[in-house]
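Shown next, in structure tokens, is the structure this report addresses.
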Amino acid sequence: MQDLVSFLNSQLQTVFGLSETLFPYVAAAMVLAIAFGFTVFAAVYAGVFIFFERRIAGRIMSRIGPNRVGPQGLLQFIADAVKLIFKEDIIPTSADRPLFKLAPYLMFIGVVAGFAVLPFSHRVIAADLNVGLLYVLAITSITVVGVLMSGWASNSKWALFGGMRSAAQLVSYEIPSGLALLPAVLLSGSLSTQEIIMAQAGSPEHALTAGGWPWNWYIFHSPMMFVCFVIFFIAQLAEGARLPFDLPEGESELVSGYNTEYSGFRFGAYFTAEFANTWIAGALCVIVFFGGWQIPGAAVPSAEAIAASGATWTWFGYSIEYAGWGAFWLEALSFLFFIVKMAGVVFIIIQLRWTVPRVRIDQMMTICWKYLLPLTFACLFLILGWMIVLPWESTAALVVRIVMALAGAVLLALYAWRVRYNIHSAGDKVYPHWII
Amino acid sequence: MTSYTTEIIDDGKMLINMGPQHPSTHGVINFLVETDGEVIDRAIPEIGYLHRGIEKIGEMVPYPGFMPYTDRVDYLAAMFANESYAMAVEKLLGLELPRRARYLRVIACELNRLASHLVGTGCMPMDLGAFTPFTHWVRERETANDLTEELCGARLTYNYLRIGGVSQDLPVGFDKRLLQYLDHIEPIIPEFNRLITGNEIFVKRLANVVPVTGEEAIAYGLVGPNLRASGVDWDLRRDLPYSAYGEMDFEVPIGKGVRGVVGDCYDRFVVRIEEMTQSIRILRQAVEGLPEGELTCKVPKKIKPPAGTDAFARTESARGELGCYLLADGTDKPARVRFRTGSFAAMCIIEDKSPGLMIADLVAFIASIDVVAPEIDR
């Protein structure tokens, strides 16, 4: 983002003759504008996800879901947001006002700031930090503070319960979730999200090894890596407080958990943050385990080539100029790849949410500390050994990856078949209008 | 400015009101929960929020006029309160029901039991956080309600039974539609089992949670599915048959501790699911074997049982034995009406079973004994 700001500034200087003295103000204004655009992006993103979720939930629960506002109910989230904003913003008299007001923003900031390092394609990334992965784990942890703060400041016992549960849960699951990402960091040798994605590629010479073929994804690197993905997925469910880990807001136990006392816009902020959080969880899975935005067969130009200008993408024998329009479409395609993969992960999260019940708090703790954590450590060390025995570039490693990818395809087919079976097993009888 | 009202009891415990408006109390009940963090020290049910004085109303209105009020005893299974009251009056008068009326009562009651268990077993996963099973069961219950509406014009408060029989005959084509519905719902029960009953998280949440032994269940006066889940093989329909149940062939499911110990929350859930299958079986037999005949027997125009006579009749409701006691004083109004309901008895066990439970366990326990608030308070 810094590059962007300085680039725009230099343009302004040369084109409009902007004086040097105004430089910091313009920079600040631009940062604000970008941040605003960013927040809107995250909010719209969350909104689309809400639509996505509600329609899928509707199908799972054998009802229709929102289909009135906009085409197929796509604009329902705007209607909901408008409703929430126009609602009275109630702060309980005995609440701790400053904390009560601050809490939703912490939650919102924590989630929205996480979007900064999500690479949607080779060039569509707000900030390619060299500690991107660490940053996103750290910044999304701020939400714990927000949740705990709201639980305390509401001065409601149910909200307090929700806040305490959430603190216990989020802090615990940070550990397996962070550790499950470590193998990817070891493999790519970088914490930057962009570099982790670019490391998930075979040799650029052959179209069948270059780019984002499934056998280049980290998830198929080794069986342990697959286990790591499952651990990370579970941990992200817990961190996003999604079922089966939605204990912080378990509506049948804690009324609504930490956000019991919130209404209007503040509640909307929680709501949006929660949904945006799920997108981040999906995006992290895609970045670290599913090859990110990489297009199958497309070899990314190296950083040196880009710096030297005249770099090209190679894709099935074609050379596409990095600075030209061809690259634009390629980037658009990788954006699409990223979104589709992310939507796939998010779909499973949604499907889980509307299928399984909630675990109990002691079971939640047991899962984390007794199973996930030792398993993650074991996987980490096994992967270290694997890396020594079968380095990424070796043919044997490629064969293993291809076998793993095939196994993954079988697993996916099995899942699809099972879902189809469950959808059709009750047949037309799901809609019993024919009786009456 | 800020005043924290969190009550701290002497030993650092927190007193928290679970209810009267709480999502998992199934109506307006309050539980005074004394907790130490997530672990409950004591949960005291506070009932009476829905007391409407139904028993007192019974003393103010003539015998036949009280029938619509009995619907309000248990809104999810109104037919059974109807039947208990009707049977009590019939006992007072010494009436003998025509066979067709008995069969119609069985049809109405079993359809109602099915609808009630659909809600009961649907609410339980909902209280554990899984919302989908509930919507599926509500979808099925719609049809059951539609059928009941055809039968008696109402979907919840039926007022179908009359002293000495039933109010109306089956509508044209009802038997065919009912059989169609049964054919429709029978394969959906295994589907529901695939969705939730076999779900590992669901099992882990319920198995071994709050087991109630057979002796305890009898000591606390638990009835119906709660009693049977504890392994006590007792069902009024089979052991003291009333209306046409003596002619029906069905099994009584009891708790076997399928995934945990006998009498745990999971057993209470499974017993209800199995009872639905049995209800379907009874409904089939009742519809297919429906005899011709009168809808009501000869009932005296003025119902005035002699003073001092009393009667107690009980039926196997969806929530267990629903007893009705009547004391006549020679007028056309009873001197005393009393309902003995399963939910009220089930509330007694909560306080004694609560120490050491998690909050989530308490929610599961309340859901598993399937209490309905108006039936507790009447």
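General observations
- If the condition is being open to solvent by 10 Å² or more (accessible area, probe 1.4 Å) and either acidic (Asp, Glu) or more than 11 Å from chain B (Cβ to nearest Cβ) (or both), then segment A:243-258 contributes A:Asp246, A:Glu249, A:Glu251.
- Checking each residue in segment B:145-164 for being modelled with pLDDT under 85 and either outside any loop (DSSP other than H, G, I, E, B) or of a type in the set (S, T, N, Q) (or both) picks out no residue at all.
- Unique residue being in a loop (DSSP other than H, G, I, E, B), more than 14 Å from chain B (Cβ to nearest Cβ) and closer than 30 Å to A:Asp80 by Cβ when the list is A:Tyr262, A:Tyr173: A:Tyr262
- Residues of segment B:298-334 classified as open to solvent by 50 Å² or more (accessible area, probe 1.4 Å) and either more than 22 Å from B:Ala81 (Cβ to Cβ) or in a strand (DSSP E or B) (or both), total: 15
- Condition check for A:Leu336: over 30 Å from B:Ile196 (Cα atoms), touching a residue at least 12 places away in the same chain (Cβ under 8 Å) and under 24 Å from the mean Cα position of the chain (by Cα): no
Per-residue answers, yes or no, for (1) at pLDDT below 85; (2) on the phi > 0 side of the Ramachandran plot:
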{"position": "B:Thr5", "(1), (2)": "yes, no"}
{"position": "B:Ile16", "(1), (2)": "yes, no"}
{"position": "B:Pro20", "(1), (2)": "yes, no"}
{"position": "B:Asp36", "(1), (2)": "yes, no"}
{"position": "B:Gly48", "(1), (2)": "yes, yes"}
{"position": "B:His51", "(1), (2)": "no, no"}
{"position": "B:Ile57", "(1), (2)": "no, no"}
{"position": "B:Ala81", "(1), (2)": "no, no"}
{"position": "B:Leu93", "(1), (2)": "no, no"}
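- In segment A:181-189 there is no residue matching the filter, namely being within 14 Å of chain B (Cβ to nearest Cβ), part of a helix (DSSP H, G or I) and either free of Cβ contacts under 8 Å to residues at least 12 places away in the same chain or out of contact with any Gly (no Cβ under 8 Å at 6 or more places or on another chain) (or both).
- Residue in segment A:142-153 that is surrounded by 20 or more Cβ atoms within 10 Å (Cβ to Cβ), within 14 Å of chain B (Cβ to nearest Cβ) and either outside any helix (DSSP H, G or I) or of a type outside the set (A, V, I, L, M, F, W, C) (or both) present: yes
- From the list B:Arg113, B:Arg162, B:Arg139, B:Arg72, the lone residue that is closer than 30 Å to A:Leu254 by Cα, of a type in the set (D, E, K, R) and in contact (Cβ under 8 Å) with a residue 40 or more places away in the chain is B:Arg72.
- All told, B:Glu142 meets the bar of being open to solvent by 10 Å² or more (accessible area, probe 1.4 Å), within 14 Å of chain A (Cβ to nearest Cβ) and either among the hydrophobic types (A, V, I, L, M, F, W, C) or closer than 30 Å to B:His22 by Cβ (or both).
- Checking every residue in segment A:58-66 against the condition of being in contact with a Gly (Cβ under 7 Å, 6 or more places away or on another chain) and of a type in the set (S, T, N, Q) gives zero matches.
Conditions (1) within 12 Å of chain A (Cβ to nearest Cβ); (2) over 26 Å from B:Ile273 (Cα atoms); (3) open to solvent by less than 30 Å² (accessible area, probe 1.4 Å), marked per residue:
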{"site": "B:Asn159", "(1), (2), (3)": "no, yes, no"}
{"site": "B:Gln168", "(1), (2), (3)": "no, yes, no"}
{"site": "B:Leu179", "(1), (2), (3)": "yes, no, no"}
{"site": "B:Ile189", "(1), (2), (3)": "yes, no, yes"}
{"site": "B:Ile196", "(1), (2), (3)": "yes, no, yes"}
{"site": "B:Arg205", "(1), (2), (3)": "yes, no, yes"}
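- Residue check, A:Thr314 surrounded by 22 or more Cβ atoms within 10 Å (Cβ to Cβ) and in the same structural domain as A:Arg242 (by TED's automatic domain parsing): no
- Contact annotation: residue pairs with Cβ atoms under 6 Å, 6 or more positions apart or on different chains, pairing a residue in segment B:246-262 that is farther than 14 Å from B:Arg228 by Cα with a partner that is in a loop (DSSP other than H, G, I, E, B) and open to solvent by less than 40 Å² (accessible area, probe 1.4 Å), are B:Arg259/B:Ala207; B:Gly260/B:Ala207.
For every residue, the table says whether it meets (1) out of contact with any helix residue (DSSP H, G or I) (no Cβ under 8 Å at 6 or more places or on another chain); (2) over 21 Å from B:Ser317 (Cα atoms); (3) away from chain A (no Cβ under 14 Å).
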{"position": "B:Met87", "(1), (2), (3)": "yes, no, yes"}
{"position": "B:Arg113", "(1), (2), (3)": "no, no, yes"}
{"position": "B:His117", "(1), (2), (3)": "no, no, yes"}
{"position": "B:Gly122", "(1), (2), (3)": "no, no, no"}
{"position": "B:Pro125", "(1), (2), (3)": "no, yes, no"}
{"position": "B:Leu147", "(1), (2), (3)": "no, no, no"}
{"position": "B:Cys152", "(1), (2), (3)": "no, no, yes"}
{"position": "B:Gly165", "(1), (2), (3)": "no, no, yes"}
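The values are calculated or read from the model by the stated rules, or taken from the named source; none is laboratory data. None of these values were measured; they are calculated from a predicted model. Counting neighbours? That spans all protein chains shown, and the Cβs are built from the backbone with ideal geometry, glycine included. Please note that ligands, DNA and RNA were not included when accessible areas were found on the heavy atoms of the full protein model with its side chains. Shrake-Rupley method; radii C 1.70, N 1.55, O 1.52, S 1.80 Å.
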